[in-house]
Each structure stands twice: as C-alpha cells, then as structure tokens.
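The values are calculated or read from the model by the stated rules, or taken from the named source; none is laboratory data. Fair warning: this is a prediction, and the values are worked out from it, not measured in the lab. Neighbour counts run over all protein chains shown; Cβ positions are idealised from the backbone, glycine included.
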There are 2 protein chains.
Amino acid sequence: MSKAKLLFDLILYVNTKRIFTAQDVAHEFGISVRTAHRYLAELGDMGVPIYTEPGRGGGYRVLNNRMLPPIMFDEEEAFAVFFAFQALKYYQSLPFDIHIGSVFAKLYAGLAHDMKRKVDRLDSVLTFWNQKRSVASPYLKEIIEAAIAHELLSIEYVSKSGNTVRKVAPVGIYAYDGFWYMPAFDELYGQIRLFRTDRIVWMERTQQTFTQQMPLSDWLDRYTAQTPKKPVRIYVELTREGLRQCRSQPWLEPHIVMVHPEQGYVETVIDQEDWDYVSDYFFQLGTAAKVIEPREMVDRIRKQAQELIHHYASDGT
Amino acid sequence: MSKAKLLFDLILYVNTKRIFTAQDVAHEFGISVRTAHRYLAELGDMGVPIYTEPGRGGGYRVLNNRMLPPIMFDEEEAFAVFFAFQALKYYQSLPFDIHIGSVFAKLYAGLAHDMKRKVDRLDSVLTFWNQKRSVASPYLKEIIEAAIAHELLSIEYVSKSGNTVRKVAPVGIYAYDGFWYMPAFDELYGQIRLFRTDRIVWMERTQQTFTQQMPLSDWLDRYTAQTPKKPVRIYVELTREGLRQCRSQPWLEPHIVMVHPEQGYVETVIDQEDWDYVSDYFFQLGTAAKVIEPREMVDRIRKQAQELIHHYASDGT
DNA sequence: TATAACATGACAGTTATTGACATGTTTTAA
DNA sequence: TTAAAACATGTCAATAACTGTCATGTTATA
C-alpha cells in the first residue's frame, strides 16, 4: 500500500477509534511501531488534532473536531457549495457561521483565477430574498446539537406572562419567515409547544437524554396538515389567463387539465376548511376562471360581487 | 520542495494554464521533462481530467470541469455544508443539484460512523420551511452562468398577452416566496423588467456579451425602494379584517394608519405600473377595504364586479 | 520530411522510507 | 519503590521510491 493511501486510511482509523496506541496502528496496518509513531506525527503536522498521553494506560487521543481525509472537488462542486452558502446570507443568526467562513476560504483558495472572479460575481447576481429580520438567535447551534443527541435542555423563555424557566425536549428547529422556531416537548405542560428561539434568553444542555418522540417533519406535517375531514369536489373552467395564474398555485397545479392553449379546467377535491380560501381565490381571478361546482361557491362569488357593487355604490356621489 | 507540495501546486498550475507542454512544467518547477511527464500522469490517476494531444502543436489540455487541490475539512466544517444544503431542500428547482449531491456524497463518505448518524438525524431536526412550490424552473443554472458572464439570452416567455421571444440581459436571479425571479434588461422595452423563471419555456445563450448595468443588490434596493415614475396617490379605508390582511403586504404595511382597532386606512403613493396589481388586490379584499382614491380604481373595481356577476349569471340555470 | 510534441523503457545515482534496536520520559498499578 | 506500558527520539543499514539522462517510439503538422 502506498504511503499516501495509508495515511488516508489512517485518518479514517483514528477518527473512528478516537483512542488507540501506536501498537494498535502498527498491528492494524502491518507496519512497525516506529513507523506508526512517525505516521501519527505526520498526521499531526497535517492538522489532524491528535494529542498523546504518555505512560501506562496512555496512548493517542483525537480531539472532537476531527478531520476528514483530503477530498478533491471539481469547480462545479465548489460552485454548488458557494451557491448553497448564498442561500444562508439572508439569515441574521446562523449556527456554524464560523465554519461556513472557513469552508468558503478553503474552497476559494483552491480556485483558479478566472473561477475566483466568477464566484465574486455570484454574489452580485444571486440572492435568496426574504424580509430581513434583525433578531439574533444565539442558541441555534446548541439546539440543533441537543435535538440530534436527544438531550434535554433547560431554557429561560420570554413569554407574554413573563420569563419562565422550563425543561424541554427539542423536536428540532425550523426557519420560517425569517424567524427560527423550536417545537419542543415541555415537561411543564406535558405536550409539545412551539418556541421562538430569539425569545430564549438563557440555555443549558443537561446531560439527560430522552427517547425521540417524532421527527420534525412529522411534527410539521401534523402542525400544518389539519387533516382534511370533509372533502369537497370542485370543478372550475379556466381561460388562458386563468390557466397561467393557477399554474403558480401549488395546490392547484397538479390538477390542471389543459384542453387547448386557450382553455382548460381544474378538477380536484379540497377540504371543507379551505372552502373560504378557495372561493376567495377564484373570486379574485375574476372572469379568468368560472367555477362550475360546487354551486354554493358560485353563489358565494356572485354574492360577494354584489356586495362589492353595493359597497362601492353606497360610496358614490 | 516536497513531491506532495509540488503536485499540489501543479494542480493549480494546470488549472490556470489549461494548455501547456511538459517542457513548460519542467521549466516552471525546475524538474526534468521526464519527471514532468511522470507527474502529469500521476495527476491523471488522481482524477484531474487532463488529456494530451500528441504531435507538433500538441501538449496537455485540461477539461473544463477542473479539479481543486485536495482539501481537508474537519467535521464541523462538513456539518456546516450539510446545514447549508438543508436550506436548499425546499426548492423544487435548483441549479447545481447534481453537484450538491456529489459534494454530499464525498463529504459523507469521509465521516466517522457516529458522525454519519448525526448527519442522518440533521434531516429530522432541521427544516427551512416555506410554502412548497411545485413549479419547475429548468433554466436556473444557465441564467446564473449567463448573468455572471454578462451574456445576452434569447428567451421565450409566457405572459398575459401570449408567448413572446425576447433578447434580454440578465441582471441576476433571486428566490422569493418559492419562485425564482430574473430581472433582466429587455431590448424590446429598453428597460429592466422582471421575469418569473418558471414562465420561461425556452432559452438560448447567445455569444454576445453586454456591459454590466448594475449588480442585483442595487436593482433589488431600487426595486423595493419604489421610486415611482408616475406616482399615483391612493387612499383606502380598511375594516378590521382589511387591516389584518394589509399588514402582511410588505408594500402596504408601512403606510397603514390604524384609527382604532376596528378601522383604519392606507394612504400612500404607488407607481402607475403597479396600478393593475394594486387595483386587483383591493378588489380581492372585497368589503374589507374601500378604495376612495383614485376614482378610476373604484370604477375599475366596480366594473370588474359587474363583469363577474355577468360572467356567472350567463352561466346560470 | 523535419519538427515538436507526447509515450515509454532502461539504468544508475540520489533521496526517502522503513524496521530494528537503543535509550529516554511519563504515568499508573502492584 | 519498582515494574510495566505507553510515548519520544535517535541511529543506522536495508530497502524502496524517485529522478535525471539517454534512447527509442509514435503522432500530427508545417
């Protein structure tokens, strides 16, 4: 085995084992103990954070920020990472911001000149835009790590009624509309509650772990799904313009049928709960859409239109 | 210079030069031509995509997907990249999706077992949540690259009035509320217009370049700052519900005046260009809003309502 | 057909790596 | 206090890898 390959494998070995002796390495890779020492010293020079404990019961130890073996990326891959980082620019608070910076620096340094210019320009042609929020959330990284490790957290939370200290089991965190939210099981209330992370003023990781209740996605689904209880069939004719508009509605788009470029229809089933929203949507489309079913929706739209005329007529003169 | 260091530098060298001979390398690094050949062969084995052209005028060539020299990341840095990728999960259409996949694979492969589990779990505790859109935008990558290269694009665009083919100079692209938008200078109109990339049905990169007009950020600033060219004053009374609705419109929110919890108004200046959009918005608010000024908007809303009644009446029986 | 490039092989000199052995140092358990 | 188990470092000879020179092909082009 070539030396390079061996060093490569050695990185993996030390990362997995964490604690080991030079004899272990010598035996594992079929080299002499002297060489094992030499190689491990070399890893140290390469930046792998190993330290040693001399004496009986000693050996090599790896610090927790372990190194990955060297990886070669091509420019496209590097560019993809820059692209992804761009998506994070908008967030005021970010976990791992330092690491993002160092990854950026390492990748950027390896680029050829022309490619560097390209990356510089990326900044000026690509934005992930949202309303900027200026509220800081310092505990994001800790929350993520606690959630991953299924670890209980003690938090002090600012709520309407004042600050409270609670012990919670985080389900996860999500970003929405510029804020970070943490759904977490609250021991006090015996149920999962939603916390805004910027309202957490103090936090401590306990050593206690909990058994996972549910993944974040399940919680979000349950939180948003609202279980369609009463299905309602709708049938709506669409003009060209109606087609164009409806295609940007994710809940309609899959059910659009285009008869020909100038005409089409939507036939789908909605939930009773969304009735008003759907009705308002087709109302707002005006003559670009024509609701055929349900009849009640037609009535409602007609009634709304009449109200509107009345509303503005009474205004008159 | 050590061999490793030399190979490292050689990668940079070949990436920058793109075309060169073994003599060039030998001279540049002070090695023999024979060794230059040997090293270059070694780079090939390492995965750097070089090929050769024998014969007079020949030499070594690098394919465009150039390689970066090997980089060592630590786990935290790798995790930061996974985190960034998580932010992109929500987008239906992504440029560089293949590359994101391959970066993920390369980094993931280098992780120790326990860390792999941690990354697997990241998915279940972290979400960047927005309303999902299912509309596909296949041309994102090309737009970005054209914008970076200041290259003119021919596009076929679906607009209200039908499909049109235009030649445009893209300023950049940005993601907003689940859609991708491309502001671009439109030769036809002699000004910068906004395109939704999912409505581009065909695209071709021309070879022509243009001189950059402005960076995307400037454009966004100007766009959001709303320097109306033809200002139109609007005055709209709002009910409680109207207040609630308007408050979630970023362009209205700053100009809302609440008289008391049940009543308020909006008074602001909009641009002539947005007239239709604004009118439609208040139409859709129904009786929750009452446009007082401009009178023409009142007329238009009334007319729309009448049309709607007619639209659904003719349907009748 | 000469030239300028890559391609490959052989060989000897040079350099780097390796293993064996020796000698310290530090810590812990007996 | 001592022995054992670990790292730490040095020396040296054997071996392996690398390098440069020379030689011989091959390929494309002026």
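Observations on the structure shown:
- Restricting segment A:294-310 to residues that are facing another protein chain (nearest Cβ under 7 Å) and in contact with a helix residue (DSSP H, G or I) (Cβ under 6 Å, 6 or more places away or on another chain), the residue that is farthest from B:ILE292 (Cα to Cα): A:VAL298
- A:TYR60 vs. criteria crowded, with 17+ Cβ neighbours inside 10 Å, away from DNA strand C (no atom under 12 Å from the Cβ) and more than 35 Å from the chain's Cα centre (by Cα): yes
- Pairs where the first residue, in segment A:41-70, is within 24 Å of B:ALA109 (Cα to Cα) and touching a residue at least 60 places away in the same chain (Cβ under 8 Å) and the second is more than 9 Å from DNA strand D (Cβ to nearest atom) and not in a strand (DSSP E or B), C-beta under 7 Å, 6+ apart: A:PRO69/A:PHE8; A:PRO69/A:ILE11; A:PRO69/A:LEU12; A:PRO69/B:GLY110; A:PRO70/B:PRO70; A:PRO70/B:MET72
- Cβ pairs under 9 Å, 6+ apart, first in segment A:7-32 and assigned by TED's automatic domain parsing to the domain that holds A:TYR51, second within 11 Å of DNA strand D (Cβ to nearest atom) and in a loop (DSSP other than H, G, I, E, B): A:ASP9/A:MET1; A:THR21/A:GLY58; A:ALA26/A:SER32; A:PHE29/A:MET1; A:GLY30/A:MET1
- Restricted to segment A:43-57, and to residues there that are surrounded by 14 or more Cβ atoms within 10 Å (Cβ to Cβ) and more than 10 Å from every other protein chain (Cβ to nearest Cβ), the residue that is nearest to DNA strand C (Cβ to nearest atom) is A:THR52.
- Looking only at segment B:150-167, residues that are of a type in the set (A, V, I, L, M, F, W, C) and within 16 Å of the chain's Cα centre (by Cα) come to 1 in all.
- Pairs where the first residue, in segment A:200-219, is under 19 Å from A:TYR157 (Cβ atoms) and surrounded by fewer than 16 Cβ atoms within 10 Å (Cβ to Cβ) and the second is among the aromatic types (Phe, Trp, Tyr) and modelled with pLDDT under 85, C-beta under 9 Å, 6+ apart: none
- Leading residue by the ranking (farthest from the other protein chains (Cβ to nearest Cβ)) among those in segment A:2-25 that are within 9 Å of DNA strand D (Cβ to nearest atom) and aliphatic (A, V, I, L, M): A:ALA22
- Answer residue from segment A:66-104, given it is in a loop (DSSP other than H, G, I, E, B) and of a type in the set (A, V, I, L, M, F, W, C) and is farthest from the other protein chains (Cβ to nearest Cβ) among those: A:LEU94
- Residue in segment B:203-225 that is more than 12 Å from chain A (Cβ to nearest Cβ) and among the small types (Gly, Ala, Ser) present: yes
- Subset of segment B:150-166 [in a strand (DSSP E or B) and in contact with a strand residue (DSSP E or B) (Cβ under 7 Å, 6 or more places away or on another chain)]: B:GLU151, B:LEU152, B:LEU153, B:SER154, B:ILE155, B:GLU156, B:TYR157, B:VAL158, B:ASN163, B:THR164, B:VAL165, B:ARG166
- Of the residues contained in segment B:135-149, none is found to be assigned to a strand (DSSP E or B), under 24 Å from the mean Cα position of the chain (by Cα) and facing another protein chain (nearest Cβ under 7 Å).
Residue by residue, here is whether (1) in contact with a Gly (Cβ under 7 Å, 6 or more places away or on another chain); (2) at pLDDT below 85; (3) not in a strand (DSSP E or B) holds:
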{"residue": "A:TYR265", "(1), (2), (3)": "no, no, no"}
{"residue": "A:ASP274", "(1), (2), (3)": "no, yes, yes"}
{"residue": "A:TYR281", "(1), (2), (3)": "no, no, yes"}
{"residue": "A:LYS290", "(1), (2), (3)": "no, no, no"}
{"residue": "A:ILE309", "(1), (2), (3)": "no, no, yes"}
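- Complete set of residues in segment B:180-199 that are outside any strand (DSSP E or B) and either surrounded by 21 or more Cβ atoms within 10 Å (Cβ to Cβ) or hydroxyl-bearing (Ser, Thr, Tyr) (or both): B:TYR189, B:THR197, B:ASP198
- Segment A:37-72, residues that are among the aliphatic types (A, V, I, L, M) and within 14 Å of DNA strand D (Cβ to nearest atom): A:LEU40, A:ALA41, A:LEU43, A:VAL48, A:ILE50, A:VAL62
- In summary, A:ALA36 fulfils each of the numbered conditions (1) assigned to a helix (DSSP H, G or I); (2) without any contact (Cβ under 8 Å) to a residue 40 or more places away in the chain; (3) closer than 29 Å to B:PRO49 by Cβ with the single exception of condition (3).
- Of residues in segment A:113-129 being in contact (Cβ under 8 Å) with a residue 12 or more places away in the chain and over 13 Å from A:GLN86 (Cα atoms), the one farthest from the other protein chains (Cβ to nearest Cβ): A:MET115
- Flag if A:PHE128 is over 30 Å from B:MET214 (Cβ atoms) and under 21 Å from the mean Cα position of the chain (by Cα): no
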